[in-house]
Amino acid sequence: MLFPSVLSIPGLGKRWKLRHRFPVIFETFLLNWSRSVPDMKVSSVDAFLEYLEKERGYSHHSIRNYGTDLYTFCKYLDDYNNVGMNDFRSVKKTVIRNFLGHLMEEGLADTTVARHLASLKSFFKYLMRAEEISMNPAANVKSPKVKRSLPTFLEEAVVAKLLEMPEKEKSWLGGRDSAILELFYSTGIRVSELVNLSIGDVDFDGMLIRVMGKRSKERIVPFGKRAHHALRRYIKERENRLGSLEKSDPLFISNRLKQIATRTVQDRLTYYLNQFELSEEGEKFRGIKWSPHTLRHAFATHMLDRGADIRAIKELLGHASLSSTQVYTHLQVEQMKKVFVQSHPHA
């Protein structure tokens with residue numbers, strides 16, 4: 001069967017044009033598609049996803065996760081509970097608990113199960129506000145305990161070596177990648193924030209960037225001299241190759257001259273990390289899971305090490321809550337313990 005561009009799938013109404021508005025979500029549902037499903041009369045999930053997009057300003061990545069989680073729940077209702085696919089008024093607390101148990105039996109990680117529950121809590125809260133249901137069946141369901149892992153710790157010397165890796169590239173991509181890595185480490189911004197930067201978001205004289213963070217919250221973040229130099233060099237080379245730039249042009253582009261994708265940034269970082277791991281300095285880091293967030297963690301940790309106020313770091317990182325930033329203070333304690341055990345004669 002051919003899949004239409006407007007799908008009538010569990011919890012998603014015909015107004016949700018996945019292929020055109022959210023191609024990644026569309027592909028996710030195709031991957032999960034196992035059989036034909038009944039048509040939907042009303043799409044509460046559809047309205048919820050549009051609410052997240054238009055009123056809450058959620059990113060496509062977040063909406064994809066919500067859509068996937070709610071699709072999984074709707075399919076569970078259809079397969080195991082004989083509850084009408086969109087009859088959310090019939091869902092009780094026991095159904096939510098059984099669903100979480102089902103996810104655990106399927107082998108999903110505790111973090112993933114917890115995310116599904118968080119999605120359901122938000123969704124049913126939305127339905128209550130819309131007066132579609134009278135109570136939130138997920139409100140008092142306890143989330144599985146999730147062990148909060150500490151970020152990967154990178155010493156300043158290690159980061160310095162990593163930032164040198166793009167300089168070995170002879171193509172213009174090396175200059176672009178150098179600017180990306182330097183900006184990551186200098187500002188601590190998220191990869192989603194970096195790929196959406198435009199030329200006009202950079203104040204070269206003031207050495208500031210305007211960042212659009214989660215929930216469309218804007219913040220101004222300073223960057224340092226090394227990042228400034230790398231950006232200037234990259235922009236100059238790009239202008240020499242492609243001509244003058246407009247303020248609306250994306251700051252970082254792919255080899256196809258389009259806005260760089262998150263996956264491309266991740267792949268390029270993986271490439272340089274692999275090169276770094278082959279070096280003598282990087283040998284001990286083999287097998288460690290790296291990501292663009294690694295440099296975000298390094299930014300915060302090194303700022304704290306040098307005496308920065310944690311509240312200032314919170315603002316620079318764009319954290320909504322100080323508790324999100326405090327994980328880096330725990331990292332400092334763990335690192336001190338490690339140094340003590342390795343160095344003290346009575347440890």
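Values as computed for the structure displayed
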read-out: Per DSSP, loop trypsin sites (Lys or Arg not before Pro) in the range 185-261 with at most 12 further Cβ within 10 Å; value: Lys217, Lys247, Arg256, Lys258
read-out: Label-point gap, in nm, between Ala261 and Ala139 - each point 7 angstrom along Cα→Cβ; value: 4.3 nm
read-out: Rg to Rh, two decimals, where the range 199-281 supplies the alpha carbon set and Rh follows Kirkwood; value: 1.01
read-out: Links that overshoot a 22 Å alpha carbon limit, given the list Lys217/Lys247; Lys93/Lys142; Lys93/Lys125; Lys54/Lys145; Lys142/Lys217; Lys161/Lys258; value: Lys54/Lys145; Lys142/Lys217; Lys161/Lys258
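Bear in mind these aren't lab numbers, they're just calculated from the coordinates by the rules spelled out. If you're wondering where the values come from, they're calculated on a predicted model, not measured in any experiment. Ideal geometry is used to build each Cβ from the backbone, glycine not excepted, and the neighbour counts take in all protein chains shown.
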